[in-house]
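Peer 1: Pasting a structure here, questions to come.
The values are calculated or read from the model by the stated rules, or taken from the named source; none is laboratory data. Computed from a predicted model, the values in this text were never measured in an experiment. Don't worry about glycine lacking a Cβ; one is built from the backbone with ideal geometry, like all the others, and counts go over all protein chains shown. Remember, those area values only see protein heavy atoms, side chains included, never the ligands or the DNA or RNA. Shrake-Rupley method; radii C 1.70, N 1.55, O 1.52, S 1.80 Å.
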Amino acid sequence: MTVTSSNRDAIAHGKINVEPLREQPKFPSWALKLTMAVTGVLFGLFVIVHMLGNLKLFTGAEHFNAYATFLRTVGAPAVPTEGVLWIFRIVLLVAIVLHIYGAFALFGRAKQSRGKFRRQGMVSSWNTFTARSMIVTGIVLLAFIIFHLMDLTLGVGVAPAGFQHNETINGELVSSAYDNVVASFSRPGVVVWYVIAQLALLMHLSHGLWTATSDLGITGKRWRKVLLFLSGLLPLLVVVGNIVIPVSVLAGLVS
Ligand code: HEM
């Protein structure tokens, strides 16, 4: 807090500082909050679409692999192979970098501004619990994304033995995404890790969308009601859809 007040008692009791606590930041906090809201909503949309696409696993190998190939050949021949996919990858990468930068910058500023004082009077609820865990669930999700890319996209390190990369046969791109998913989720430890990560996603996304509703300036009573309801419902649907996949493979329902 910057002092404009001449309240000597408050200053003496350390409630007000005579010096500004920190330099004027380059990016104002409202701009960081807005960036986090926009990039977070973008990720929310991505996980919804990704989950719906992944549910194609239940329609069989042929459909699922055709979908994986489609993601790479969409726009052909006008667009080179993986052209559209790379645009999405770059947008997501920029979004995640901005989101993480915003998170740590705001976390640091809040801590500095609070000084030695603790937050008080927070109501104990699901909302407080998820709010307090945002940094932890965010770190779990980042670890999950790195693991997941190695596991099912790059086929390195933690990927299942016998991971099959995409091949071009007779000029046609052939994907083995189905076999890779089944091989990966046949490992119980990996399924447990996926489920834990999905619980982190539920907490992170539900609180994130709830906060974004306010940060995007949505104040209308009816709109807020609808959006706050969706901020709980959509993450729940995404997470249930995502958990059903590895558990079904492990249970032998998909093979
Ligand atoms: C159990 C749930 C999930 C399953 C079964 C799954 C499945 C897959 C598969 C099969 C691929 C490779 C696609 C291909 O090679 O064509 C992939 C890629 C990817 N997944 Fe997931 N995914 C799940 C959850 C998630 C979640 C929660 C996130 C984000 C937090 C995520 C983010 C990504 C990303 C960023 C890629 C890379 C896409 C690319 O650039 O090729 N996935 N996923």
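Peer 1: Rounded to the nearest Å, what's the spacing between the alpha carbon centres of the range 105-119 and the range 48-99? Just the number, please.
Peer 2: 40 Å
Peer 1: Could you calculate the contour length gain from residue 230 to residue 45, that is, 0.36 nm times the residue separation minus the distance between their Cα atoms, to one decimal place in nm?
Peer 2: 65.4 nm
Peer 1: Note the angle between two axes, namely the Cα long axis of helix 188-215 and the longest principal axis of the Cα atoms of the chain, as a number of degrees from 0 to 90, rounded to the nearest 10.
Peer 2: 50 degrees
Peer 1: Here is a further query. Around residue 218, which amide H atoms from residues at least 5 apart in sequence, or from another chain, sit under 5 Å from its own amide H, with H modelled in the peptide plane?
Peer 2: none
Peer 1: Can you compute the FRET efficiency between residue 136 and residue 91 using 1/(1 + (r/R0)^6), with r the Cβ-Cβ distance and R0 = 22 Å? Round to the nearest 0.05.
Peer 2: 0.25
Peer 1: OK, next. Apply the Karplus curve 6.51 cos²θ - 1.76 cosθ + 1.60, θ = phi - 60°, to the phi angles in the range 238-245 and return the couplings in whole Hz, x for Gly and Pro.
Peer 2: With coefficients 6.51, -1.76 and 1.60, one gets 4, 5, 4, x, 5, 6, 4, 5 Hz.
Peer 1: Of the lysine pairs in the chain, how many meet both conditions: Cα atoms under 26 Å apart, and a spacing of 8 or more in sequence or different chains?
Peer 2: Going through the chain pair by pair, I get 8.
Peer 1: Using a probe radius of 1.4 Å on heavy atoms only, what accessible surface per residue do you get for the range 60-99? Whole Å² is fine.
Peer 2: 66 Å²
Peer 1: Still on this structure, please answer the following. Past the 33 angstrom mark, what percentage of all C-alpha to C-alpha distances in the chain do you count?
Peer 2: 34 percent
Peer 1: Further question: So who's got an amide H within less than 5 Å of the one on residue 174, skipping anything under 5 residues away but keeping other chains? H placed 1.01 Å off N, in plane.
Peer 2: Here 167, 168, 169 satisfy the definition.
Peer 1: Rounded to a whole number of µm²/s, how large is the Stokes-Einstein D of the range 105-213 at 25 °C and 0.890 mPa s, given Rh as the Kirkwood radius over C-alpha pairs?
Peer 2: The estimated diffusion coefficient comes to 145 µm²/s.
Peer 1: If you don't mind, another one. Considering only 146, 243, 48, give the residue with the highest GNM mean-square fluctuation for the chain, with springs between Cα atoms whenever their separation is below 10 Å.
Peer 2: With Cα springs under 10 Å in the chain, the top fluctuation among 146, 243, 48 is at 146.
Peer 1: Rounded to the nearest 500, what is the chain's calculated 222 nm mean residue ellipticity when only DSSP H runs of at least 4 contribute -39500 (n - 2.57) each, over all residues?
Peer 2: Dividing the helical sum by the residues of the chain leaves -22000 deg cm²/dmol.
Peer 1: Moving on. Quick one: what are the phi-derived ³J(HN,Hα) couplings along the range 102-118, Karplus 6.51/-1.76/1.60 with θ = phi - 60°, whole Hz, x for glycine and proline?
Peer 2: Each residue's phi maps through the Karplus curve to give x, 4, 6, 5, 5, 4, x, 5, 5, 5, 5, 5, 6, x, 7, 7, 9 Hz.
Peer 1: For the range 102-230, what does the accessible surface come to per residue with a 1.4 Å probe? Please give it in Å².
Peer 2: 61 Å²
Peer 1: Could you look at the range 115-255 and say what percent of its accessible area is carbon and sulfur, using a 1.4 Å probe and all protein chains?
Peer 2: C and S atoms contribute 67 percent here.
Peer 1: Using a Gaussian network model on the chain with a 10 Å cutoff between Cα atoms, which of 220, 53, 75 fluctuates the most?
Peer 2: Residue with maximal mean-square fluctuation among 220, 53, 75: 220.
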